[in-house]
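A.B. asks: Below you will find the structure I want to go over with you.
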Amino acid sequence: MKKIVLRFLPACVALACVAFTACDSNSGKADSKPQKKAVAAASAANLPNYRYVDIDTILSQYFLAKDYNEEMLRMQTNMEAQLKRHENTIQSQASAMQKKMQNNGYLSEASLKQDQEKIANLQNNAQRDAANLQNNFQSAAMKAQQAVNDSIEAFIQEYNAKHGYDAIFFKNATLYINPALDITDEVVEGLNARYNKMKK
C-alpha cells in the first residue's frame, strides 16, 4: 500500500527539520457531499467492487494523527524555547564583553582571550544542542508517521476482510472516481471508534 504522509508542524527555528505535509487539493472546492449522497442512492449491486478513501480527510479527522500533531507542536515549542535560551545567553555574554572592552576592563590579553573562549564554548554548546533537538524531532516525527501509517493500514485490512472489496484506492491517485464509491467517512468513524476503545 502506498505510504501515507502525516501532517506535522515544521520546526521553524532555523533548523532543517523534516516537515511532513499532506496538502488537500480539494480545499478550495465546493462541498461535494450533496452530489455524493445523491449518487450513493444508486443500488450497491450496480457499483464496481472497489472503493476509495480521501487520505487528507482521514489524517485531519483521525484522533491518533491529531494527537501526534499536538505532540509535535509541543516538541517544536520546547525546541524553540531551548534555542532561544542559548541565544539570550550568548548575546548577554557578548554584550558584557563588548562593554568591558569599551571601558578598558581587560588588564591583559589573556583575560580577553578567556572571555572569547567562553563565548565560543557557548556557541558550540548551542549548535550541539540544536543538532540534538533536530535529530530528536525528526526521529519522533518518523515514528509518529509510521505509527499512523501502520494503524490505518491495519484497519483497512480488517475493514476489507468484512467487505471483500477487490481494491481500495486513494482519491488523490485518480483523475475522477464515482463519489458513490467513497468510504472515507466509514473509515474515519471506524478508526476513531477503535482508537477511543484502545485509550480507555
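Values in this text are rule-based calculations from the coordinates and carry no lab data. Note that the coordinates shown come from a computational prediction; the quantities given were computed from them, not determined experimentally. With ideal geometry, Cβ positions are generated from the backbone for all residues, glycine too; neighbour counts draw on all protein chains shown.
A.B. asks: What is the Cα coordinate range of the range 94-163 on the first, second and third principal axes, sorted by size from largest, in whole angstrom?
C.D. replies: Answer, in whole Å and largest first: 84, 17, 6 Å.
A.B. asks: Once you put a point 7 Å from the Cα of Glu87 and another 7 Å from the Cα of Thr174, both along the Cβ direction, what distance in nm separates them?
C.D. replies: In this crude label model, Glu87 to Thr174 measures out at 4.7 nm.
A.B. asks: Among Met72, Met101, rank each residue by its count of other Cβ atoms within 10 Å, from fewest to most, as a rough exposure measure.
C.D. replies: Values: Met72 23, Met101 12.
Lowest to highest Cβ neighbour count: Met101, Met72.
A.B. asks: While we're looking at this one, here's another question. Using the number of other C-beta atoms within 10 angstrom as an exposure proxy, rank Glu117, Glu186 with the fewest first. All intermediate terms of the calculation are to be shown ahead of the outcome.
C.D. replies: Details: Glu117 10, Glu186 13.
Ordered from fewest to most neighbouring Cβ atoms within 10 Å, Glu117, Glu186 come out as Glu117, Glu186.
A.B. asks: Moving on to the next point. Using the count of nearby Cβ atoms within 10 Å as a rough guide to exposure, how do Phe170, Phe137 rank from fewest to most? Walk me through the numbers before you get to the answer.
C.D. replies: Details: Phe170 16, Phe137 22.
In order of increasing Cβ crowding within 10 Å: Phe170, Phe137.
A.B. asks: Something else about it: From zero up to wherever the largest Cα-Cα distance of the range 33-199 sits, split into 10 Å bins and tell me the percent of pairs in each.
C.D. replies: 8, 24, 19, 14, 11, 9, 8, 5, 2, 0
A.B. asks: Using only the alpha-carbon atoms, what does the range 47-121 span along each of its principal axes? Please give whole angstrom values in decreasing order.
C.D. replies: 88, 17, 16
A.B. asks: Another question about this same structure. With point charges of +1 on the Cβ of Lys and Arg and -1 on the Cβ of Asp and Glu, referenced to the Cα centre of the range 33-199, which listed residue (Leu175, Gln138, Thr57) lies farthest in the positive direction of the dipole?
C.D. replies: Of the listed residues, the answer is Gln138.
A.B. asks: Assuming R0 = 45 Å, can you tell me the calculated FRET efficiency for the pair Ser108 and Ala140, based on Cβ-Cβ distance, to the nearest 0.05?
C.D. replies: The computed FRET efficiency comes out at 0.40.
A.B. asks: I'd like the distance between the alpha-carbon centres of the range 143-196 and the range 80-112, rounded to an integer number of Å.
C.D. replies: 57 Å
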